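The values are calculated or read from the model by the stated rules, or taken from the named source; none is laboratory data. Not measured: the values here are computed from a predicted model. Note that we place each Cβ from the backbone using ideal geometry, even for glycine, and neighbour counts take in every protein chain shown. Surface areas here come from the heavy atoms of the whole protein model, side chains and all, with no ligands, DNA or RNA. Shrake-Rupley method; radii C 1.70, N 1.55, O 1.52, S 1.80 Å.
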Amino acid sequence: MGTLSERILNGSTGEYVDCCVDRAYVHDGTGVLTLEAWKNMGGRGIQDAAHLYVLFDHIVPANNSTTATLQHELREFACSSFLQFSDIGGGICHQLMSEGIVLPDEIVVGADSHTCTLGAFGAFATGVGATDMAAIWKTGETWFRVPESIGIHLSGTLTGSAEAKDLALTYVSRLGMDGASYQSLEFVGEGAAAIPIDGRLTLCNLAVETGAKAGMFYADDITVQYLATAGHTVQAQEPEPCTYIREIDFDLPDIVPVIAVPPRVDTVKPVSDLAGLHVDQVFVGTCTNGRYSDLARFARVVKGRKVAVRTIVVPASRAVLEKAIRNGVLMDLVEAGCSIGTPGCGPCLGAHMGVLGEGEVCLSTANRNFRNRMGVGGEIYLSSVATAAASALEGEITEPGVS
Amino acid sequence: MQGKGRAVCVGADIDTDLVIAGRYLRTKDRSIWIAHVFEDLDPSLASRLNGAVIVAGKNFGCGSSREQAAIAIREAGVVAVVAPSFARIFFRNAINIGLPLIECTITCNEGSPVTFDLTEGWVEAEGKKYSTRPLSAKMREILAAGGLVNYWRTHG
Ligand code: SF4
């Protein structure tokens, strides 16, 4: 009996537990410091390299020789220590872990705050920093305080042009940027059961924007089927009676397309309130909305037309890119005038390609619009893919049509 | 564990992009982080951090898991950070690298002395003593060792 977090962490809310970690991953950004901390801890011993992943996604390919040198060092270490390694172009760490690696009931730790994305599979997945990760490399274990859980009850289905992203921004605005600090979000109810895996990943992805430690869906038939295509046989998780610290209801038919206004993810307004606002760049991608279904949705809108502003599309992974090529989605995007980037984080963190200039406005499908994140003096508005597509065609924020 | 410093006041919801921007992360050179800490919040802040106790609003350190944020603050000479609440990844990172965090709501008066005792669980500012939320036993142990690296050096 208990919340999903209590069941997976095997403890009661508020209790401190030591846990074996089932999978742990770093990227090119946090991996460098992890390696340094691990060496400083004595540099002896790697626990279970088969379950430790090093996935290059943040600045790929390297933007200058300093980055390249740091990446070289980490790459050499990952390969010589037999860690699971994905080089540039493989894709965003969270996306790769979602492509048939993370399984229900696992404890997954990533040295990146959006590790919570993987709660979509009924795993307990959370982010840590580099030094915590170094200790996991060394010991295979870490500690947690079992979080309180907030029950987010979903009913009905999304209608019109509303997407899971709109629901995600809506719940972030309802909870606020620290509304779920140290807690876990559990998405439950018949409305949750109807959301496909891609939407679940998007919803869990934004959990950390409320301060949450994890965002989770119960593994159900949809999860079992998704993982079966990746060759895994898993069991669904049956919800049990449990105590939530707080319960929130959303009627999905009430969700409308929304936008998060800079510089806060929880300042959320209907797209209609911002219609007509000029944008200089549209960015489609990231661990929030860079999946095949996102690219395909964007392509459906822009196919046969031309985007009116510079538009950068970055597939979340090589598998996404391959599928977009095979199904003609990529051709539609390129013909519409979009620029395509190497699978990875792309401009999301403002470190390379697609950096904004002073006073420029970007409409992005990502999860963060902090001040200066994509470039000093640039402003980031966050939206769904459908809103981004409609806006790219007009060069200004535009309500998506029903497609 | 006792300490003291001069108050430096900052607002609520300070995210780690504001502590140290993404464009300065690709290095192991700590002097770069020290030079640019809080640059996008207030470029004059970095020069006032040596010997400071940062007194912040709620949810300090939200956003990215970048440990450089906690390291930059510590390396700039900050003695401790006091805030009503911290984002959880930042909280763990700070303790892991040996930067004391104090969960407490206090009034901040720029430049005035702030003293604290982590073991006894209090912080004092402007002649007022506040009791603070205690750290867990594990966190006290890590902090006492000077961070998780040292902890594992001695336990590993
Ligand atoms: S896409 Fe953006 S939010 Fe996601 S992991 Fe990369 S940098 Fe972080």
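For region A:72-145, list the strands (runs of 3 or more DSSP E) that sit wholly inside it and hold at least 2 residues that are in contact (Cβ under 8 Å) with a residue 60 or more places away in the chain, away from the ligand (no atom under 16 Å from the Cβ) and not charged (D, E, K, R); which are they? Qualifying strands (runs of 3 or more DSSP E): A:141-145.
Looking at this structure, is residue A:282 touching a helix residue (DSSP H, G or I) at 6+ places or on another chain (Cβ under 6 Å) and over 21 Å from residue A:202 (Cβ atoms)? So residue A:282 fails the test. Listed by first and then second residue, the pairs with beta-carbon distance under 8 Å, at least 6 apart or on different chains, first residue in region A:13-36 and farther than 21 Å from residue A:89 by Cα, second surrounded by 20 or more Cβ atoms within 10 Å (Cβ to Cβ) and of a type in the set (Phe, Trp, Tyr), are A:16/A:144; A:17/A:144; A:19/A:144; A:23/A:53; A:34/A:137.
Candidates are the residues of region A:172-186 that are open to solvent by 20 Å² or more (accessible area, probe 1.4 Å) and more than 14 Å from residue A:213 (Cα to Cα); the one that is nearest to the chain's Cα centre (by Cα) is A:173. When we screen A:331, A:374, A:353 for residues that are open to solvent by 40 Å² or more (accessible area, probe 1.4 Å) and within 16 Å of the ligand (Cβ to nearest atom), the only hit is A:353.
Any residue at all in region A:165-174 that's more than 15 Å from residue A:266 (Cβ to Cβ) and in contact with a helix residue (DSSP H, G or I) (Cβ under 9 Å, 6 or more places away or on another chain)?
Among the residues of region A:165-174, not one is more than 15 Å from residue A:266 (Cβ to Cβ) and in contact with a helix residue (DSSP H, G or I) (Cβ under 9 Å, 6 or more places away or on another chain), which makes the answer no.
For residue A:62, the test of being farther than 30 Å from residue A:239 by Cβ, open to solvent by 30 Å² or more (accessible area, probe 1.4 Å), in contact with a helix residue (DSSP H, G or I) (Cβ under 6 Å, 6 or more places away or on another chain) and within 16 Å of the ligand (Cβ to nearest atom) is passed. Tell me whether region A:91-100 contains one or more residues that are away from chain B (no Cβ under 14 Å) and surrounded by fewer than 21 Cβ atoms within 10 Å (Cβ to Cβ). Yes, region A:91-100 contains at least one residue that is away from chain B (no Cβ under 14 Å) and surrounded by fewer than 21 Cβ atoms within 10 Å (Cβ to Cβ). Scanning region B:23-42 for residues that are within 11 Å of chain A (Cβ to nearest Cβ) and under 15 Å from residue A:372 (Cβ atoms) yields B:23, B:24, B:25, B:39, B:40, B:41.
Residue-by-condition table, conditions (1) away from the ligand (no atom under 16 Å from the Cβ); (2) among the aliphatic types (A, V, I, L, M):
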site: A:275; (1), (2): yes, yes
site: A:287; (1), (2): no, no
site: A:300; (1), (2): yes, no
site: A:303; (1), (2): yes, no
site: A:307; (1), (2): yes, yes
site: A:318; (1), (2): no, no
site: A:322; (1), (2): yes, no
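Inspect region A:336-348 for any residue being more than 16 Å from the ligand (Cβ to nearest atom), touching a helix residue (DSSP H, G or I) at 6+ places or on another chain (Cβ under 6 Å) and either among the polar types (S, T, N, Q) or more than 14 Å from every other protein chain (Cβ to nearest Cβ) (or both) and give the result as yes or no. Within region A:336-348 (the criterion being more than 16 Å from the ligand (Cβ to nearest atom), touching a helix residue (DSSP H, G or I) at 6+ places or on another chain (Cβ under 6 Å) and either among the polar types (S, T, N, Q) or more than 14 Å from every other protein chain (Cβ to nearest Cβ) (or both)), the answer is yes, since at least one residue qualifies. Here residue B:25 clears all of (1) within 16 Å of the chain's Cα centre (by Cα); (2) touching a residue at least 24 places away in the same chain (Cβ under 8 Å); (3) open to solvent by less than 30 Å² (accessible area, probe 1.4 Å) except the condition numbered (1). You will find that of A:331, A:353, the residue that is among the aliphatic types (A, V, I, L, M) and part of a loop (DSSP other than H, G, I, E, B) is A:353 and no other.
Total residues in region A:357-371 satisfying the condition of being assigned to a loop (DSSP other than H, G, I, E, B) and either within 11 Å of the ligand (Cβ to nearest atom) or open to solvent by less than 10 Å² (accessible area, probe 1.4 Å) (or both): the figure is 6. Evaluating residue A:46 against the criteria (1) at pLDDT below 95; (2) at positive phi; (3) surrounded by 15 or more Cβ atoms within 10 Å (Cβ to Cβ) leaves one unmet condition, (2). Of the residues making up region A:274-328, those that are assigned to a strand (DSSP E or B) and either free of Cβ contacts under 8 Å to residues at least 40 places away in the same chain or open to solvent by less than 60 Å² (accessible area, probe 1.4 Å) (or both) are A:281, A:282, A:283, A:284, A:310, A:311, A:312, A:313, A:317.
Restricting attention to region B:1-22 and to residues that are hydrophobic (A, V, I, L, M, F, W, C), within 14 Å of chain A (Cβ to nearest Cβ) and surrounded by fewer than 24 Cβ atoms within 10 Å (Cβ to Cβ), the residue that is farthest from residue B:89 (Cα to Cα) turns out to be B:10.
Residue A:249 passes every criterion in (1) closer than 20 Å to residue A:291 by Cβ; (2) touching a residue at least 60 places away in the same chain (Cβ under 8 Å); (3) open to solvent by 70 Å² or more (accessible area, probe 1.4 Å) apart from (1). Restricting to region B:52-71, and then to whatever is touching a Lys or Arg at 6+ places or on another chain (Cβ under 8 Å) and not small (Gly, Ala, Ser), can you tell me which residue is nearest to the other protein chains (Cβ to nearest Cβ)? The residue in question is B:71.
Could we say that residue A:385 is modelled with pLDDT of 95 or more and either within 14 Å of the ligand (Cβ to nearest atom) or surrounded by fewer than 23 Cβ atoms within 10 Å (Cβ to Cβ) (or both) here? Considered against the rule, which asks whether it is modelled with pLDDT of 95 or more and either within 14 Å of the ligand (Cβ to nearest atom) or surrounded by fewer than 23 Cβ atoms within 10 Å (Cβ to Cβ) (or both), residue A:385 comes out as no.
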